[in-house]
Every structure is written in structure tokens, then in C-alpha cells.
Amino acid sequence: MHLLRRIELYLRRSGTPPTRFGREVVHDPRFVFDLRNGREPRSGTTARVAAWLDTHEGGTASCSR
């Protein structure tokens with residue numbers, strides 16, 4: 001599953017604001033907004049976000065850029 005799609009699903013299900021998600025996960029409150037505008041995160045960032053989502057949503061879906 002694409003990283004942004006997975007983040008959007010998490011935000012919707014949890015009610016978490018995008019700025020809070022970005023701040024907590026990658027220390028960047030603009031992270032989600034930048035992804036929505038076409039930002040391509042580095043592979044390490046993608047892996048870190050996917051691992052965070054795995055632990056916080058119990059999901060096993062893989063992420064790709």
C-alpha cells in the first residue's frame with residue numbers, strides 16, 4: 001500500500017490531526033501536507049513511518065513509494 005494512503009487511513013481512523021502525526025513520527029509537522037503535495041520521502045523515512053504505523057495500528061500492510 002502506498003505510504004500516503006496508509007497514513008490517510010490511519011489519520012481518519014484515529015482522528016489524529018496531520019500535524020500531530022508528522023510531529024510525533026518524523027519530527028516534522030508539515031510531513032503529511034508535503035506528501036499530499038508530492039514530496040517523496042527517503043527510503044529510511046518510509047521505513048520508519050511504516051514501522052511506526054505497524055506498532056500503532058497493528059497493521060501488516062507494506063508500504064511503497
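The values are calculated or read from the model by the stated rules, or taken from the named source; none is laboratory data. Keep in mind the model is a prediction, meaning the values are calculated, not measured. Here the Cβ is made from the backbone with ideal geometry for all residues, glycine too, and neighbour counts use every protein chain on show. When the accessible area is computed, the model is the full protein with side chains, heavy atoms only, and any ligands, DNA or RNA have been set aside. Shrake-Rupley method; radii C 1.70, N 1.55, O 1.52, S 1.80 Å.
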**Q.** Residues located in region 1-13, provided they are in a helix (DSSP H, G or I) and of a type outside the set (Val, Ile, Thr)
**A.** 3, 4, 5, 6, 8, 9, 10, 11, 12, 13
Q: Tell me which residues, restricted to region 1-13, are touching an Asp or Glu at 6+ places or on another chain (Cβ under 8 Å) and surrounded by 15 or more Cβ atoms within 10 Å (Cβ to Cβ).
A: 10
Q) Among the residues of region 14-60 satisfying the criterion of being in contact (Cβ under 8 Å) with a residue 24 or more places away in the chain and outside any helix (DSSP H, G or I), which is most open to solvent (accessible area, probe 1.4 Å)? A) 40
